[in-house]
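Contents: one structure, followed by commentary.
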Number of protein chains: 2
Amino acid sequence: MNFSQTAESLLDRVLKGETRAMARMMSFAESSRDDHRVHLGSLYKYAGHAHVVGLTGVPGSGKSTLARCITLALRETGKRVGIVAVDPSSPFSGGAILGDRVRMGDLATDSGVFIRSLATRGSLGGLARAALDTADIMDAAGFDIVLIETVGVGQDEIDIATAAHTVIVTSAPGLGDGIQAIKAGVLEIADVHVVAKSDRPDAERTLGDLNAMLNLGLAGRGLSEWAVPVIATSAETGDGVYDLVRLIDEHFSHLKQSGELFARRKKIAEMRVLKAAEDIVRERIQLNCGDEIGPIFNDVFQRKIDPLTAAKMVLKRLNLVE
Amino acid sequence: MNFSQTAESLLDRVLKGETRAMARMMSFAESSRDDHRVHLGSLYKYAGHAHVVGLTGVPGSGKSTLARCITLALRETGKRVGIVAVDPSSPFSGGAILGDRVRMGDLATDSGVFIRSLATRGSLGGLARAALDTADIMDAAGFDIVLIETVGVGQDEIDIATAAHTVIVTSAPGLGDGIQAIKAGVLEIADVHVVAKSDRPDAERTLGDLNAMLNLGLAGRGLSEWAVPVIATSAETGDGVYDLVRLIDEHFSHLKQSGELFARRKKIAEMRVLKAAEDIVRERIQLNCGDEIGPIFNDVFQRKIDPLTAAKMVLKRLNLVE
């Protein structure tokens with residue numbers, strides 16, 4: 001069996017939604033090997049159908065529990081749901097120090113749900129690419145909705161969130177000084193605001209804060225006809241979950257009807273090319289840092305030359321600029 | 001007056017510690033203009049003397065208040081302290097929605113303290129470079145200690161934190177489920193763990209959790225002779241603050257005596273060159289994305305070609321690879 005046959009059959013199996021093939025393809029999405037990535041290249045054109053929903057908020061804001069609630073509600077309508085967890089503090093992640101993976105148990109046995117968590121520790125870059133390739137795999141495999149869960153701080157995390165069609169930002173009452181989550185820099189990317197854990201006594205204050213911020217024009221994406229809603233949900237009582245699912249759907253319809261989906265998809269494509277280009281350059285440098293460009297690194301270490309000058313020299317030495 | 005004279009005189013003024021010159025140079029650190037960056041290139045060789053301390057932890061973990069306490073304690077010994085706030089939720093940041101900038105008032109009027117906050121929103125990359133260049137400016141201007149405050153999640157933020165000689169990770173009791181901050185992926189980069197807000201009743205549990213994680217080998221950098229300490233501090237009572245300042249100093253002595261400082265500085269230099277190279281490539285692409293490579297972006301948008309293939313085409317088109 002030659003290589004291209006293997007590649008073709010793996011892709012075929014992914015397109016049929018075979019779980020093991022999807023998992024294998026996802027391990028390629030996190031790989032830096034060219035012969036692994038070629039698989040993702042072939043898959044790319046089959047994606048583009050799913051509704052990609054970003055779910056973001058600081059640790060403790062209840063987004064993992066909310067992801068679970070949304071998924072259960074979507075499953076009642078027969079939709080297939082993929083979850084990409086980029087947040088290392090997520091119970092979806094392998095980390096699961098406190099064993100809270102258990103809480104997700106009822107999703108893990110449902111063949112209409114596919115959960116994949118991405119390691120974010122220690123990796124220098126490549127995270128956005130891996131996350132969006134993983135979403136593409138679920139998309140190409142016929143999953144209707146792909147939830148990408150990220151911790152809403154950090155440039156890579158915000159880039160990933162904005163690569164979704166619909167961005168949900170979660171805040172929780174009682175987290176730090178109430179408005180902490182709001183200040184963390186993700187307000188502006190929200191299409192829908194959720195105050196999770198709304199059964200808590202101080203939820204009203206968080207709702208009020210968010211609405212006030214929206215009225216000040218500080219809490220949603222500008223230049224859109226979409227009025228960013230604030231909705232309270234509770235995993236305890238189930239309040240608000242179905243409303244949220246309806247809002248997510250309404251937002252997608254709005255994007256399609258207004259033509260905004262076109263513009264967003266264009267921006268996402270550009271961002272992905274940019275990230276891939278950065279990855280290529282970084283990997284070329286890391287591969288060659290031993291002999292070829294080691295002395296340049298050393299001069300920077302000794303503060304004989306500055307990092308920018310060194311970077312130009314490195315790019316030239318590696319034939320990356322003329 | 002020609003350009004090189006201006007450059008020289010600005011640098012001279014920075015080296016003398018003139019506040020306005022420093023502020024101007026810092027605006028260049030956040031700029032993408034070549035004629036601005038050249039100033040940072042000339043400054044680089046004058047830095048490398050300060051003790052750079054990273055202070056990281058999720059929003060609400062008390063790191064800004066701790067930064068203030070550390071700074072006040074260091075000022076009593078006559079040391080000059082620079083603060084680079086990369087966290088958009090920090091009260092040091094211009095954001096200061098709730099006016100908590102006021103709390104920092106007593107630092108703002110002290111000429112031995114220089115505070116600079118960096119905008120992290122919306123920028124696609126360049127954050128690590130700007131933060132470390134800003135630290136260099138304080139360093140070259142003769143500040144003894146530079147505190148870099150980052151929210152401890154996100155790849156860029158973790159890269160910035162690990163570019164410090166000493167990394168302090170803050171956790172706070174009562175934040176989410178207590179161990180939330182621990183799970184967010186910054187445990188491994190800590191040289192010193194701080195449980196802030198130790199006057200709170202549930203602080204003991206957080207201390208216990210952290211010590212347990214350390215004993216499991218999960219909560220500190222490996223391969224070091226340095227035993228990562230866990231220390232409780234309270235901004236209310238002042239408890240632990242002087243001990244922490246002493247520990248920070250001890251860690252720096254350890255780095256110097258063990259030779260680890262050499263290894264860390266080498267790694268930091270490499271990381272900075274890598275980031276600069278990525279910045280160059282990204283900027284080249286963004287500058288030319290109109291006519292030259294617009295059609296390539298468009299093909300990705302239409303899913304005719306995948307992002308990685310497109311990135312290779314773009315790099316070639318812009319003469320960035322042979």
> Is there any pair linking a residue in the range A:274-295 that is within 10 Å of chain B (Cβ to nearest Cβ) to one that is buried (at least 17 other Cβ atoms within 10 Å of the Cβ) and of a type in the set (F, W, Y), with Cβ under 8 Å and at least six apart or on different chains, and which?
Replying inline: A:C289/A:F297
> Restricting attention to the range A:300-315, which residues are of a type in the set (D, E, K, R) and either in contact with a Pro (Cβ under 8 Å, 6 or more places away or on another chain) or assigned to a helix (DSSP H, G or I) (or both)?
Replying inline: A:K312
> Restricting the search to the range A:236-273, which residues are touching a Leu at 6+ places or on another chain (Cβ under 9 Å), of a type in the set (A, V, I, L, M), crowded, with 18+ Cβ neighbours inside 10 Å and within 14 Å of chain B (Cβ to nearest Cβ)?
Replying inline: A:I268, A:M271, A:V273
>> Give all pairs with beta carbons closer than 8 Å in which a residue from the range B:248-263 that is free of Cβ contacts under 8 Å to residues at least 60 places away in the same chain meets a residue that is small (G, A, S); count only pairs at least 6 apart in sequence or on separate chains.
In response: B:S258/B:S224; B:E260/B:S224
>> Testing B:D110 on (1) at pLDDT below 90; (2) more than 15 Å from B:M138 (Cβ to Cβ), one condition comes back false. Which one is that?
In response: (2)
>> Give me the helices (runs of 4 or more DSSP H) completely within the range B:119-183, filtered to those with at least 1 residues that are at pLDDT 75 or above and more than 9 Å from chain A (Cβ to nearest Cβ), ordered by residue number.
In response: B:127-140, B:155-162
> In the range B:1-92, which helices (runs of 4 or more DSSP H) lie fully inside it and hold 3 or more residues that are in contact with a strand residue (DSSP E or B) (Cβ under 8 Å, 6 or more places away or on another chain), at pLDDT 90 or above and closer than 29 Å to B:S253 by Cα?
Replying inline: B:63-76
> In the range B:213-232, what residues are surrounded by 13 or more Cβ atoms within 10 Å (Cβ to Cβ) and modelled with pLDDT of 75 or more?
Replying inline: B:L214, B:W226, B:V228, B:P229, B:V230, B:I231, B:A232
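The values are calculated or read from the model by the stated rules, or taken from the named source; none is laboratory data. The structure displayed is predicted, hence computed values, not measured ones. Quick reminder, even Gly has a Cβ in these numbers, built from the backbone with ideal geometry, and neighbours come from all protein chains shown.
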